[in-house]
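The values are calculated or read from the model by the stated rules, or taken from the named source; none is laboratory data. Predicted model only: the values in this text are computed from it and were never measured. When we count neighbours, we look across all protein chains shown, and the Cβ atoms used for this are built from the backbone with ideal geometry, even at glycine.
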Amino acid sequence: MKIGERGQVTIPKELREKFGLLPNMEVEFVADEEGIRIQKSRPRKSSVMDVFGILKRPGKTDKYMEEIRGR
């Protein structure tokens, strides 16, 4: 296998199928002692999930929204 002019390589079909690498899938290149490893990108944690559930308020959201809006 050769690296093309623009640094591109083709992952053999057998390996793409074995590891579930699909077209347009995000991947990462990770350096280790033996060389470079390619792996699926991990999903990014949403900032919404950082604050999800921190209020721990019982009741309906609509009522809470009306309270904070002063209605």
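A compact table of results
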| read-out | value |
| --- | --- |
| Tally of residues being modelled with pLDDT of 85 or more, more than 20 Å from N24 (Cβ to Cβ) and not hydrophobic (A, V, I, L, M, F, W, C) across the stretch 36-57 | 1 |
| Qualifying residue in the stretch 6-24 (condition: surrounded by fewer than 10 Cβ atoms within 10 Å (Cβ to Cβ) and more than 26 Å from the chain's Cα centre (by Cα)) | no |
| Pair list, Cβ < 9 Å and 6+ apart or interchain, from the stretch 5-16 residues that are without any contact (Cβ under 8 Å) to a residue 24 or more places away in the chain to residues that are assigned to a helix (DSSP H, G or I) and of a type in the set (D, E, K, R) | none |
